[in-house]
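Worksheet for the structure shown next.
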Amino acid sequence: MTDKAGIISIRNVTKRFGSIAAVDAVSLDIVEGEFFALLGPSGCGKTTLLRMLAGFEIASDGEIEIAGIPMLGVDPNRRPVNMVFQSYAVFPHMTVARNVGYGLRVTGVPTPEIETRVREALALVKLDGFEERMPSQLSGGQRQRVALARALVKRPKVLLLDEPLSALDAKLREAMQIELVRLQKSVGITFVIVTHDQDEALSMANRIAVMDAGRVRQVATPAELYEFPNCRFVAGFIGKMNLFEGKVSGSDSGRILVDIAGLGRIAVPYAGNASGDIGVAIRPEKLRLDRSEPEGQRIRLRGRVTEVAYYGDESHVYLQNATGVSVVANVPNAARSAAPAINLGDELWLSWEPGDTLVLNE
């Protein structure tokens with residue numbers, strides 16, 4: 001996305017509520033045509049930041065520019081953005097067409113143009129022929145599409161989405177994730193979505209800003225965030241992770257030696273400088289389980305299976321070694337069978353390639 005112009009510039013933006021900094025000195029650049037996600041746990045400041053972009057909250061410090069224009073003092077209805085709320089906020093007494101055209105009517109757009117733009121917006125969200133239906137006649141997913149059409153009909157430069165899929169059931173939510181990506185590509189405008197759902201952010205966004213306690217901890221593509229988190233918080237929040245606390249005891253030919261209580265000393269590739277206490281992490285899907293001890297340079301431990309959680313396509317197998325260290329491995333259920341391949345109490349070897357190890361200094 002770096003070859004495109006910036007559409008949103010956020011510079012050292014802070015929002016205080018009393019003595020609490022809900023957003024704390026955040027700086028971000030969002031590119032034109034990008035699908036950008038603000039991801040983090042409840043209370044991390046992501047929705048407050050989105051509301052400042054929309055103009056519903058005013059920054060205590062810092063500057064926001066949208067399309068090259070400073071937003072200080074610009075009312076929400078005069079900003080080149082539109083917002084889709086978590087609750088959809090569809091008017092129950094209006095037909096679908098009147099809901100979608102509402103924003104155009106109140107700004108004095110001529111009726112023939114309203115009708116044309118409403119038809120175009122409904123076609124974008126695949127609601128052709130629903131013009132005369134009432135919201136009570138629609139499913140949750142269809143009401144969400146009406147809210148999207150109402151936002152898109154005004155042709156904003158940026159569409160802001162505040163947890164837009166959280167009210168949908170799991171299957172519909174997954175379908176709507178695909179639809180939102182298709183819609184964003186077809187209209188070509190910038191989408192900024194707020195979500196606490198890591199899968200939602202990973203599957204839709206071009207880039208993600210992970211927030212914690214009002215600050216941005218890392219901004220990267222989904223693959224970069226998952227494979228190369230820059231701190232313990234991001235590593236733990238994005239996907240599942242086995243995290244061990246260790247102490248650097250030396251280095252050797254592009255590797256560092258790390259002493260981990262209960263595991264002993266392991267050697268992992270690391271190009272940077274590391275000393276003292278560090279975190280060592282490994283994703284569950286990078287682990288391999290064997291009945292016999294693996295060969296080669298793989299990092300290994302032997303443990304007893306304490307729990308097996310079945311998820312259909314895969315099982316999460318929990319092992320504990322003799323010193324009490326617990327590790328979870330994801331095992332695909334490749335063979336069609338009702339009988340588990342791994343049982344409670346099995347003694348197994350767990351191992352991984354040294355290069356799959358993450359070293360976390362923060």
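The values are calculated or read from the model by the stated rules, or taken from the named source; none is laboratory data. Just so we're clear, the structure is a prediction, and the values are computed from it rather than from any experiment. Note: ideal-geometry Cβ built from the backbone for every residue, glycine included; neighbour counts use all protein chains shown.
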Discussion item. Six or more apart or on different chains, Cβ atoms under 9 Å: show the pairs whose first residue is in region 190-206 and touching a residue at least 40 places away in the same chain (Cβ under 8 Å) and whose second is small (Gly, Ala, Ser) and assigned to a helix (DSSP H, G or I).
Written reply: Ile193/Ala201; Thr195/Ala201
Practice prompt. Identify all residues within region 1-23 that are outside any strand (DSSP E or B) and of a type in the set (S, T, N, Q); write none if there are none.
Written response: Thr2, Ser19
Worksheet item: Can Ala235 be described as of a type in the set (A, V, I, L, M), more than 27 Å from Ala89 (Cα to Cα), in contact with a strand residue (DSSP E or B) (Cβ under 9 Å, 6 or more places away or on another chain) and surrounded by fewer than 20 Cβ atoms within 10 Å (Cβ to Cβ)?
Response: no
Practice prompt. Given the conditions (1) farther than 21 Å from Gly236 by Cα; (2) touching a Leu at 6+ places or on another chain (Cβ under 9 Å), report the number of the one that Arg288 does not fulfil.
Written response: (1)
Practice prompt. For residues that are under 15 Å from the mean Cα position of the chain (by Cα) and buried (at least 19 other Cβ atoms within 10 Å of the Cβ), scanning just region 178-195, find the one that is nearest to Ile238 (Cα to Cα).
Written response: Thr195
Worksheet item: Asp162 passes all but one of (1) out of contact with any Phe, Trp or Tyr (no Cβ under 6 Å at 6 or more places or on another chain); (2) crowded, with 17+ Cβ neighbours inside 10 Å; (3) under 21 Å from Val192 (Cβ atoms); which number fails?
Response: (1)
Worksheet item: Restricting attention to region 176-199, which residues are assigned to a loop (DSSP other than H, G, I, E, B) and of a type outside the set (Gly, Ala, Ser)?
Response: Ile189, His196, Asp197
Worksheet item: If you take the residues of region 61-90 that are of a type in the set (Gly, Ala, Ser) and either surrounded by 17 or more Cβ atoms within 10 Å (Cβ to Cβ) or at pLDDT 95 or above (or both), which of them is nearest to Ile8 (Cα to Cα)?
Response: Ala67
Response to the item:
Among (1) farther than 24 Å from Ala54 by Cα; (2) buried (at least 18 other Cβ atoms within 10 Å of the Cβ); (3) of a type in the set (Val, Ile, Thr), Thr95 falls short only on (2)
Worksheet entry | Count - residues of region 203-221 that are surrounded by 20 or more Cβ atoms within 10 Å (Cβ to Cβ) and in a helix (DSSP H, G or I) | 1
Worksheet item: In region 252-296, what count of residues is obtained for those that are closer than 30 Å to Tyr311 by Cα, surrounded by 10 or more Cβ atoms within 10 Å (Cβ to Cβ) and at pLDDT 85 or above?
Response: 14
Worksheet item: Restricting attention to region 216-230, does a residue exist that is basic (Lys, Arg) and either over 29 Å from Ile299 (Cα atoms) or not assigned by TED's automatic domain parsing to the domain that holds Ala54 (or both)?
Response: yes
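Yes/no matrix, rows are residues, columns are (1) assigned by TED's automatic domain parsing to the domain that holds Ala201; (2) within 24 Å of the chain's Cα centre (by Cα); (3) under 30 Å from Asn206 (Cα atoms):
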{"site": "Gly108", "(1), (2), (3)": "no, no, no"}
{"site": "Glu115", "(1), (2), (3)": "no, no, no"}
{"site": "Val118", "(1), (2), (3)": "no, no, yes"}
{"site": "Gly129", "(1), (2), (3)": "no, no, no"}
{"site": "Gln137", "(1), (2), (3)": "no, no, no"}
{"site": "Gly140", "(1), (2), (3)": "no, yes, yes"}
{"site": "Arg143", "(1), (2), (3)": "no, yes, yes"}
{"site": "Arg173", "(1), (2), (3)": "yes, yes, yes"}
